[in-house]
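S.K.: Here it is, the structure, as structure tokens.
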Amino acid sequence: KQEEAERRKYQTPKETGRVFEKAKSELEAQRYGEAEAALGELRLDKLSPHERAVAERLYGYISYGKAENDPAIEHLRQALADADALPPRDRADVLFQIAQIQAVEERWKDLIATLELWLQVVERPNSVGYYMMALAYFQLEDFDAALAPAQKAVEIAKVPQQAWLQLLLAIHLTREDYAAARTILDQMIALYPNSGKDYWLQLSALYGVTGDEPAALGVL
């Protein structure tokens, strides 16, 4: 009975579903005006909470495609206005999209708040989300708060991206935790051996800072 109730709650009538599919098709083809025109066939005030949330989500993606970030965020927030209008997975996806736009806009405090909500509903948080949160705290110069999400981004990734490792390295260096910084540099050299000599020079410098001159010379 519970599954049937869930299915009915998120069910879309055929005619409305046809409009959504048309809008999605135009959106995927980057024909944003046509996608908006397709959604214009609907009267939002006549839709169910779920249908209205889907429509607002699509409007948000259209605005984002047109590089209209503030309207995109507003539409996506409207899609979340009714806490029960979208399944948890879709709700998490919308929150993540908002966070990505806020990251582009460098709205660091808003980004942190959005990602905190995202972590409450997402089933399996990804490395990108943790990286964005760490970056936001780093930009706000809250280096202690940045450390845990930066470590998590690296920890759960199959192969951490250089940007994630560079951020974690910068956090350790700012906090003057040189032993931890050396460990990250070792990992960066192992994973990205063709990145040039900068990582090697940094590693040598770290050994020098801690007074281990033989190790510094050995790295060089």
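S.K.: Could you please tell me which pairs satisfy a Cβ distance under 8 Å, a separation of 6+ or placement on different chains, a first residue in segment 202-220 that is among the β-branched types (Val, Ile, Thr), and a second residue that is open to solvent by 60 Å² or more (accessible area, probe 1.4 Å) and not in a loop (DSSP other than H, G, I, E, B)?
M.R.: Final answer for the pair search is Val209/Tyr178; Thr210/Tyr178; Val219/Trp200.
S.K.: Test of understanding: among Gln202, Gln151, which residue is surrounded by 14 or more Cβ atoms within 10 Å (Cβ to Cβ), among the polar types (S, T, N, Q) and over 18 Å from Tyr137 (Cβ atoms)?
M.R.: Details: Gln151 fails: over 18 Å from Tyr137 (Cβ atoms).
Testing whether each residue is surrounded by 14 or more Cβ atoms within 10 Å (Cβ to Cβ), among the polar types (S, T, N, Q) and over 18 Å from Tyr137 (Cβ atoms) leaves just Gln202.
S.K.: Spot the failing condition for Val104; the list is (1) among the hydrophobic types (A, V, I, L, M, F, W, C); (2) closer than 24 Å to Met133 by Cβ; (3) open to solvent by less than 60 Å² (accessible area, probe 1.4 Å), and only one is missed.
M.R.: It fails just one condition, (3).
Residue by residue, here is whether (1) touching a residue at least 60 places away in the same chain (Cβ under 8 Å); (2) open to solvent by less than 30 Å² (accessible area, probe 1.4 Å); (3) not charged (D, E, K, R) holds:
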{"site": "Gly33", "(1), (2), (3)": "no, no, yes"}
{"site": "Ala53", "(1), (2), (3)": "no, yes, yes"}
{"site": "Glu56", "(1), (2), (3)": "no, yes, no"}
{"site": "Gln78", "(1), (2), (3)": "no, no, yes"}
{"site": "Ala83", "(1), (2), (3)": "no, no, yes"}
{"site": "Asp90", "(1), (2), (3)": "no, no, no"}
{"site": "Lys109", "(1), (2), (3)": "no, no, no"}
{"site": "Thr114", "(1), (2), (3)": "no, yes, yes"}
{"site": "Trp118", "(1), (2), (3)": "no, yes, yes"}
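S.K.: Check Gly129 against each of (1) surrounded by 21 or more Cβ atoms within 10 Å (Cβ to Cβ); (2) closer than 26 Å to Gln11 by Cβ and name the one condition it does not meet.
M.R.: Among (1) surrounded by 21 or more Cβ atoms within 10 Å (Cβ to Cβ); (2) closer than 26 Å to Gln11 by Cβ, the lone unmet condition for Gly129 is (2).
S.K.: Looking only at segment 127-160, how many residues end up being outside any helix (DSSP H, G or I), farther than 23 Å from Asp110 by Cα and out of contact with any Ser or Thr (no Cβ under 8 Å at 6 or more places or on another chain)?
M.R.: Of the residues in segment 127-160, the ones outside any helix (DSSP H, G or I) are 140-142, 157-160.
Add one more test, that the residue is farther than 23 Å from Asp110 by Cα, and what stays is 157-160.
Among the residues that remain, those that are also out of contact with any Ser or Thr (no Cβ under 8 Å at 6 or more places or on another chain) are: 158-159.
Of the residues in that region, 2 qualify.
S.K.: In segment 77-113, which residues are in a helix (DSSP H, G or I), acidic (Asp, Glu) and more than 19 Å from Ala146 (Cα to Cα)?
M.R.: Taking segment 77-113 first, the residues in a helix (DSSP H, G or I) are 77-79, 88-104, 108-113.
Pick out the ones that are also acidic (Asp, Glu) and you get 90, 93, 110.
Asp90, Asp93 - these are the residues of segment 77-113 that are in a helix (DSSP H, G or I), acidic (Asp, Glu) and more than 19 Å from Ala146 (Cα to Cα).
Yes/no per residue for (1) at pLDDT below 95; (2) farther than 26 Å from Leu117 by Cα:
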position	(1), (2)
Gln11	yes, no
Lys14	yes, yes
Ser25	no, yes
Gly40	yes, yes
Gly60	no, no
Ser63	no, no
Leu76	no, no
Arg89	yes, no
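S.K.: If only one of Ala72, Ala29 is surrounded by 15 or more Cβ atoms within 10 Å (Cβ to Cβ) and over 15 Å from Asp90 (Cβ atoms), which one is it?
M.R.: Values: Ala29 fails: surrounded by 15 or more Cβ atoms within 10 Å (Cβ to Cβ).
Ala72 is the lone residue from the list that is surrounded by 15 or more Cβ atoms within 10 Å (Cβ to Cβ) and over 15 Å from Asp90 (Cβ atoms).
The values are calculated or read from the model by the stated rules, or taken from the named source; none is laboratory data. All values derive from a computational prediction rather than experimental measurement. In this analysis, Cβ positions are derived from the backbone assuming ideal geometry, glycine residues included, and neighbour counts consider all displayed protein chains. These area figures cover heavy atoms from the full protein model, side chains too; ligands, DNA and RNA do not enter into them. Shrake-Rupley method; radii C 1.70, N 1.55, O 1.52, S 1.80 Å.
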